[in-house]
Structures are given as structure tokens and as C-alpha cells.
There are 6 protein chains.
Amino acid sequence: MRYKEFKDYRQRMNEKIMEEGSLQTKRFFFLDTSVYKEGKISAKTKELMGLVASMVLRCNDCILYHLDRCIELGYTNEELYEAMDVALIVGGSITIPHLRYAYEMIEEIRKEKISE
Amino acid sequence: MRYKEFKDYRQRMNEKIMEEGSLQTKRFFFLDTSVYKEGKISAKTKELMGLVASMVLRCNDCILYHLDRCIELGYTNEELYEAMDVALIVGGSITIPHLRYAYEMIEEIRKEKISE
Amino acid sequence: MRYKEFKDYRQRMNEKIMEEGSLQTKRFFFLDTSVYKEGKISAKTKELMGLVASMVLRCNDCILYHLDRCIELGYTNEELYEAMDVALIVGGSITIPHLRYAYEMIEEIRKEKISE
Amino acid sequence: MRYKEFKDYRQRMNEKIMEEGSLQTKRFFFLDTSVYKEGKISAKTKELMGLVASMVLRCNDCILYHLDRCIELGYTNEELYEAMDVALIVGGSITIPHLRYAYEMIEEIRKEKISE
Amino acid sequence: MRYKEFKDYRQRMNEKIMEEGSLQTKRFFFLDTSVYKEGKISAKTKELMGLVASMVLRCNDCILYHLDRCIELGYTNEELYEAMDVALIVGGSITIPHLRYAYEMIEEIRKEKISE
Amino acid sequence: MRYKEFKDYRQRMNEKIMEEGSLQTKRFFFLDTSVYKEGKISAKTKELMGLVASMVLRCNDCILYHLDRCIELGYTNEELYEAMDVALIVGGSITIPHLRYAYEMIEEIRKEKISE
């Protein structure tokens, strides 16, 4: 999925889940947001941890979401590439298709943010 | 496996692999060491990323290794617990047995380091 | 993949596999069908188990297949959402993209079944 | 781990996590308990879903926990075996070591419950 | 993704990664190439091992890559189907969507190679 | 688990499963045996594929079983190490604890077979 398409789809479906889902579903979503907040570990570091976790678990949507947040929080490409090296070594060559997607999306996210 | 037992076993077997393994095996091991080195991202942050990746992939030996390194690099329990919250939410309740192991090992590692 | 497109593709490719595959392949496919049949555990409950397994293993095609079967067997949205809560907690936030897909497909399957 | 040893260890470590863990950790643990409660889907069915999810994700501690709960809720061996057939087919032969463990533990749990 | 589209995309993105990636990234890519080379185990056998690993880890891009290589190295459909039977039994029905994709791509790769 | 202990445990539990399990369970076990038999792909090659699949899926019992079979079928250590290099690169550093176990067990299996 492309960056813009993903952002729209994600927002629309999350709203649907928040409307129709059970109390437990909603609680999980709130908890999911809260663990990335500033704490003993900075929000910036946590976002990078989210990115690495998403890469080793091989989830493109999660990678795209965390790349978007990482770029908003000011990471450079060199920093992101280095963080993804950890994921690549931990997770092996099976993560390479997700690395390709990540490189592609980093470029797309930056273009989008400039044109905003 | 207990902390001391793991450290001995890990060292002994890694030496065996370094002696008998192929050139490719050795290259991978060197690469595995090098990605955690100080760079654009600090070695300290990378160790935390290694911990989170190990938890979501549910590997006790890897968790123990990274906890040991994280404690050497100065992380407090509160910081480690918060980092593991990210892994818990990303990876779900299936990671809880590994969280129990992590809490147990954090205590054991600290005791061992004091008595050294 | 959309619901209708998936159903056509799945049928066409399964037929190809049944024609060209080995005896072992065919035996596995028959076994795969037979474990969901009425037994000590009802077929209706088994379908829900298939859905939860598909969500924690994060396979959209499998989720779509089991949602379709679950809806045919009479589950309400509230029941499906609650079953998926178990998968969400067990499997963590990495399953959320599949939860979005599931909510989207539940709506699409119901529309399709009404218009049939 | 044996059944009794696991129950003691699990309780001791969960208490430690509840004492020392963050607010988020605790919230996740409460949520984890609440999704298995009676609702649109019965608690009994949810426990079986927990078992199947644990088998396909290949977590022995989780399998043991859900087997214990399933037996408390009145499932017969035949029902448990049939439920695990779904997990075996979905998850493949890689789940067989966990099936062996499950058969062993079912016997051990029943013996323990009789002698209580 | 279709075969031709994948080959173009893969080459373009790998070139971008080789240009922009870190020294570690490049080293991993070289290592990834070198482990499939002729050695004590033939390159032909290794490619089949790559295919089976890709199927049980459920990565379509990796499956397509190894199918392409396997066909170049002279495997017949019957041999590929039999190799995939091992993956199907080890990995279970959750690999079936990837088996469908593999059957589809085998046909597409062969057509493409004839028309070249 | 040690080699001898594993072989005894595996045989005892498989017999229990064959006695008490459902018809589907038994059918799956027969199918699991049959896919490794001599065919278009040799039994020897299939065993190596089973080893690689077990390593990337990170299952020690499955690794031990396939190592035992591979050694019976005549593979040298150098061949096994090279095959495991493919698994190491595909699956990444998360497989290293299983590589350590494999090296340890290869030595143990060979000693056991000499003393038989």
C-alpha cells in the first residue's frame, strides 16, 4: 500500500473499530497508544523500538506506521538504516522484502511531508 | 537456563562454532557483533532494540544476552520494564512467559554482578 | 484482496493443486477439510478456532476464509469481534492490520450475501 | 516444566510483575484476564480458542495454562484432542513437540486434580 | 506481485539499498548471496532449501525469488511440488495461500522464460 | 533435552498419541512420515530440507530429530554446517541459540552411534 492510501485506510478502519468494537478492543487500542509515550525511555527511542519490532515480525503496515512517526520525530535516513540493520541481522534475509519496502516508503514519506 | 550456566554454555559453544564453522558462519557472527556497535544510533539504544526484538520473537537465550548487556550499559529496572512494555503490547500475551523469565533474570544478573 | 476476487482465485488455484499436486498434497487438503467437521467439538466452534488461529498467525487469506464460513454458520458481528479480542490480546498489536482487514471484510461479506 | 512447578513459578513471577511493573504492564495483565470472561462467546469456548492459539504459536507455558483451565471447565480428553487437531493442521508438524507436551500434561493435570 | 513486476522492483530497490545502505547492510547482502553458492552442498540443493525455508516462513517475495532460481537450475514441476509438500506438512495449512501463489507463479515463470 | 532422553520421550509420547488420538491425528502423523520418503526428490535431500525448515522455525526437538536422521543418512559435519548456514542467513541471529544446540547435538549423536 502507498503512504497516503495507508494513512486514509488506517484512520477510517480504526474509527470503525473504535465505534463497533468491544470495550476490550478499545482498551487495547488506548494501551497501544500509551506505551509509546514519553517516559523513562524517550518517545523517540520507543518509536525506533517499534520499527525494529515491526521489521523482525515482518509487518509492512506496522513498518510504515513507525517510519512515519520516526520521520516526524526527526530521525535521519542514516539513523533509520542503522536501526534497520539490527532488525536485518536479528531477523535474517526473510526481512529483506520488508527492507525494500521501508527504503521505498522512507522516500515517499519525505516527499509527502515536503509537499504538505 | 540460569544466568551463569548460560554464559558458560554460550561461550563454549560459540568457540566451537568459530573453530569448526564455515567462513560464512564466522562472517555472520562478526556481522552480528558489529551491528550493535556505537554509530549514528548509540550502542546503548541498540542494545534495547535487541532486547525488544528478542522479546517479540520470543527467544529466552537472546533476551538473557541482551538483558545482561543492557544492565552492563547502565539501564535501570524501570527503564527495562518500560522497554519491555513495548514488546508486550506489540507481541501480545504470548510473550508473557518471556516477561516472567526476564524479570527473574534481571534480579539474578544484578545479584551476580554485585557479588563479582 | 476483495472477497469475490479471493473466492474465485481460491477455487481456481485449489482446483489446479488438486489436479497437478502429489498424492500427499491431496491428502493434506482432505485432512484440512475434515478437521473442521462436526465432532466432539461442533463445526461452529471449530470455525471460530480457525479464525483465531488465522489472526494470531497473521494470514489475511485464512482470516477471510474463516470469516466467510463463520458468517455462513450464523455468528453475529458482536460474537466475531469478541472472538477476535482473544486473538488481539494473545497476538498483540502486530495483529491490528489484520483486525482492520477483518472488520472491512465482515462488512463486505454481509453485503455480498444479502445481494446474492 | 512440570505442572505443579509451573503453577508455583507462574504465580510467584506474576506477583513480582504486578508489584514492580509499570501501570501499562498491569493494565495489559488485567485486559488479558478480562478477554477470557463469559460474554457473547462463552468462557468455555474462549479457553479452547486460547489453547488453539497457544499451540499454533508454539508456547508450552501458554498451552499448559489453557489446558489447566480447559480441564477445570470440564472438557474431556476427546474434546481436547479434537481441538488440538485443528491446531495441528493449521500449524503443521512443527507443532508436534507441543502436542506431545500437551498429551503428557493432560495426564499430569488430571492426576493432580484427583489427588487434591 | 506478478513475476516481471517483482523482478524489476527487486532489482531497483536492491540497487538503492546497495547505494544508500550502511557497510553492514552491504555485508549482509553479500553474505546472503554467498551461502547459496556451490559448496559441500550443491547450489541446486541449496536453492530448494531456500524455497522450503521461504514457504514455512510464509514470504511470497522470497518464494518467488527461489522458484525463479529453481526453475533456472532445471527443477521440474513434480520436483518442486514434492519439495513444497515438505513445507506444507512442516508449516501446516497456514502455508496454503503461499502454495496457491507458488503454483500460479511456477506457470507464469515458465511462460516468461519460453517467450524470452 | 539430551539425545537419548529425547529419543525415549519422543517414542513414548508418539505411541500414546497413536493410541489415544483421533483418526485425523493419526492421518497427519502418517502423512508427516510419508513426505520424507524417497520420491522425485531423494529422501536424503528431504531430510536436509526438514533440518533447514526446523532451524528457521526455531524448534529444537525438530532440529534434533532431523540431525539424527541426516547423520544416519551419511551427511558429514561440513555438509550439515553448510546447510545450517542457509538457515542462519534466512532466519537471522535469532536462530543462533538453535545453532549452538545443533553443534552440541551433532557431537552427541555421533558419540552415541559409535558406542552402539
Query raised in the report: Looking at the range E:4-13, is at least one residue aliphatic (A, V, I, L, M) and touching a Leu at 6+ places or on another chain (Cβ under 8 Å)?
Result: no
**Report entry** Answer residue from the range B:13-49, given it is basic (Lys, Arg) and more than 17 Å from the chain's Cα centre (by Cα) and is farthest from A:MET55 (Cα to Cα) among those
**Finding:** B:LYS16
Query raised in the report: For the range E:2-20, does any single residue satisfy the condition of being outside any helix (DSSP H, G or I) and in contact with a Ser or Thr (Cβ under 7 Å, 6 or more places away or on another chain)?
Result: no
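Per-residue answers, yes or no, for (1) surrounded by fewer than 21 Cβ atoms within 10 Å (Cβ to Cβ); (2) touching a strand residue (DSSP E or B) at 6+ places or on another chain (Cβ under 6 Å); (3) within 12 Å of chain E (Cβ to nearest Cβ):
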| residue | (1), (2), (3) |
| --- | --- |
| D:ILE71 | yes, no, no |
| D:ALA83 | no, no, no |
| D:LEU88 | no, no, yes |
| D:GLY91 | no, no, yes |
| D:THR95 | no, no, yes |
| D:GLU104 | yes, no, no |
Requested in this report: Identify the single condition in (1) outside any loop (DSSP other than H, G, I, E, B); (2) out of contact with any helix residue (DSSP H, G or I) (no Cβ under 8 Å at 6 or more places or on another chain) that C:LYS113 does not satisfy, given that it satisfies every other one.
Outcome: (2)
Report summary line: B:PHE29 fails exactly one of (1) farther than 26 Å from D:LYS26 by Cβ; (2) facing another protein chain (nearest Cβ under 7 Å); (3) not basic (Lys, Arg), namely (2)
Query raised in the report: Within the range A:42-52, is there a residue that is farther than 29 Å from D:SER34 by Cα and within 10 Å of chain C (Cβ to nearest Cβ)?
Result: no
Query raised in the report: Taking the range B:17-57, which residues are exposed (fewer than 14 other Cβ atoms within 10 Å of the Cβ) and either modelled with pLDDT under 95 or over 29 Å from B:ARG100 (Cα atoms) (or both)?
Result: B:MET18, B:GLU19, B:LEU23, B:LYS26, B:PHE30, B:GLU38
Query raised in the report: Yes or no: A:GLU79 surrounded by fewer than 22 Cβ atoms within 10 Å (Cβ to Cβ), at pLDDT 95 or above and more than 9 Å from every other protein chain (Cβ to nearest Cβ)?
Result: no
Query - Single residue of the range B:1-16 satisfying the filter (of a type outside the set (A, V, I, L, M, F, W, C) and within 10 Å of chain F (Cβ to nearest Cβ)) that is surrounded by the most Cβ atoms within 10 Å (Cβ to Cβ) - result: B:ARG10
Report summary line: Conditions (1) surrounded by fewer than 24 Cβ atoms within 10 Å (Cβ to Cβ); (2) touching a Ser or Thr at 6+ places or on another chain (Cβ under 8 Å); (3) not assigned by TED's automatic domain parsing to the domain that holds D:MET1 -> D:ASN60 fails only (2)
Report task. Quick one: count up the residues across the range B:28-85 that are part of a helix (DSSP H, G or I), under 22 Å from F:GLY92 (Cα atoms) and among the β-branched types (Val, Ile, Thr). Result -> 5
Query raised in the report: farther than 30 Å from A:ARG58 by Cβ, touching a residue at least 12 places away in the same chain (Cβ under 8 Å) and not aliphatic (A, V, I, L, M), is that true of F:GLY91?
Result: no
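The values are calculated or read from the model by the stated rules, or taken from the named source; none is laboratory data. Note that the structure is predicted; figures quoted are calculated from it, not measured. Every residue, glycine among them, receives a Cβ derived from its backbone with ideal geometry; neighbour counts consider all protein chains shown.
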